Amino acid sequence: MILKDKKVLITGAGRGIGRQTAIDMAKEGAVILGTGRTLEPLKEMEEQIKVLGGRTFIKTMDIANYEETKRGVDALAEMADGIDILINCAGIFEEAFFMEMTPEQWRRTMAIDLDGVYYVTHSTIPYIIEAKGSVVSVVSQDVFYGCPGYSHYSAAKAAVVGLTRTLARELGPKGVRLNCVAPGITETEMTRDRIENGRQVYLEKLPIGHIGQPGEISSTIIFLASEKASYITGQVLHPNGGMYLG
């Protein structure tokens with residue numbers, strides 16, 4: 001078990017890649033601190049982990065609100081007696097072509113996909129420094145590949161890459177590693193409609209021959225979060241099936 005007794009805070013832990021990462025990290029011995037906007041999906045994740053014999057603490061949290069985020073992070077840290085690892089996985093993914101995009105659509109995406117990462121990371125980093133732990137933020141291949149209709153999403157995720165690389169330099173001397181995972185198209189609740197409307201188009205662009213599954217992303221996250229990646233910081237790994245080959 002490469003994460004035995006590590007206390008891992010995961011945002012967006014109730015669904016998709018976040019839930020799969022929580023379950024797979026629990027299998028590796030981690031104590032899961034799961035957050036999300038709604039309670040029911042978190043409870044479902046918690047039950048799955050309990051079946052595996054794992055430990056978890058859950059808390060609803062609006063990561064677009066700094067004060068609520070700080071209170072939530074501190075409460076989870078108190079429950080678990082610290083935080084070793086942070087996985088920034090929460091996000092929204094709403095199509096809006098730039099010329100028709102409203103300021104509200106832009107702000108809503110930035111509030112979750114960028115400000116939320118700042119709020120959670122800023123609240124969690126004192127615990128991570130104390131533990132000499134690591135942070136992994138989930139971004140997207142759209143940052144590098146470009147995806148019409150998602151300029152706001154791509155801009156937010158690109159900013160997270162820049163934040164990660166800068167913090168890797170700032171916090172490396174304190175024993176903290178920060179990295180990103182940039183998934184390609186992956187079958188989750190968030191992408192279901194997009195995939196159903198264009199499955200064959202995606203498959204034609206994927207040398208590996210299949211659309212990504214959440215477990216294929218969580219394994220990359222687990223690697224970067226663990227001491228198996230002790231000499232890796234400020235980097236972006238691309239589990240994308242070969243759709244982007246930068």
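A few points about this structure:
- Cβ-Cβ under 8 Å pairs, at least 6 apart or on other chains, the stretch 141-155 side among the polar types (S, T, N, Q), far side open to solvent by less than 20 Å² (accessible area, probe 1.4 Å) and not in a loop (DSSP other than H, G, I, E, B): Ser154/Asp142
- The condition of being buried (at least 16 other Cβ atoms within 10 Å of the Cβ), among the hydrophobic types (A, V, I, L, M, F, W, C), more than 22 Å from Asp5 (Cβ to Cβ) and at pLDDT 95 or above holds for only one of Leu76, Leu114, Leu39, that being Leu114.
- Qualifying positions in the stretch 195-217 - touching a residue at least 24 places away in the same chain (Cβ under 8 Å) and charged (D, E, K, R): Lys205, Glu216
- Tabulated pairs, the stretch 103-122, first touching a residue at least 60 places away in the same chain (Cβ under 8 Å) and within 22 Å of Leu178 (Cβ to Cβ), second assigned to a helix (DSSP H, G or I) and not polar (S, T, N, Q), C-beta under 8 angstrom, 6+ apart or interchain: Val120/Val73
- Residue check, Asp62 on the phi < 0 side of the Ramachandran plot, of a type outside the set (Gly, Ala, Ser) and out of contact with any helix residue (DSSP H, G or I) (no Cβ under 6 Å at 6 or more places or on another chain): no
- Subset of the stretch 17-26 (residues that are crowded, with 23+ Cβ neighbours inside 10 Å and either touching a residue at least 40 places away in the same chain (Cβ under 8 Å) or outside any helix (DSSP H, G or I) (or both)): Ile17, Gly18, Arg19, Gln20, Thr21, Met25
- Of Gly209, Gly172, Gly234, Gly242, all but one fail to be small (Gly, Ala, Ser), in a loop (DSSP other than H, G, I, E, B) and out of contact with any helix residue (DSSP H, G or I) (no Cβ under 8 Å at 6 or more places or on another chain); the exception is Gly242.
- Check on Ala13, part of a helix (DSSP H, G or I), open to solvent by less than 10 Å² (accessible area, probe 1.4 Å) and in contact with a helix residue (DSSP H, G or I) (Cβ under 6 Å, 6 or more places away or on another chain): no
- Within the stretch 52-73, being open to solvent by 20 Å² or more (accessible area, probe 1.4 Å), in a loop (DSSP other than H, G, I, E, B) and within 13 Å of Tyr119 (Cα to Cα) holds for Asp62, Ala64, Asn65.
- Every pair of residues 6+ apart whose Cβ atoms lie under 6 Å, when the first sits in the stretch 169-191 and is closer than 21 Å to Thr121 by Cβ while the second is assigned to a helix (DSSP H, G or I) and of a type in the set (Ser, Thr, Tyr): Leu178/Thr164; Cys180/Thr164; Val181/Thr220
- Checked against the criterion of being touching a residue at least 12 places away in the same chain (Cβ under 8 Å), within 22 Å of Asp24 (Cβ to Cβ), in contact with a Cys (Cβ under 7 Å, 6 or more places away or on another chain) and open to solvent by less than 50 Å² (accessible area, probe 1.4 Å), the candidates Thr220, Thr164 yield just one match: Thr164.
- Candidates Asp193, Asp142: the one that is open to solvent by 20 Å² or more (accessible area, probe 1.4 Å) and under 24 Å from Arg107 (Cα atoms) is Asp193.
The values are calculated or read from the model by the stated rules, or taken from the named source; none is laboratory data. It should be emphasised that the depicted structure is a prediction, and the values quoted were computed from it without experimental measurement. Every residue, glycine among them, receives a Cβ derived from its backbone with ideal geometry; neighbour counts consider all protein chains shown. For the accessible areas, the whole protein counts, side chains as well, though only heavy atoms, and no ligand, DNA or RNA atoms are used. Shrake-Rupley method; radii C 1.70, N 1.55, O 1.52, S 1.80 Å.
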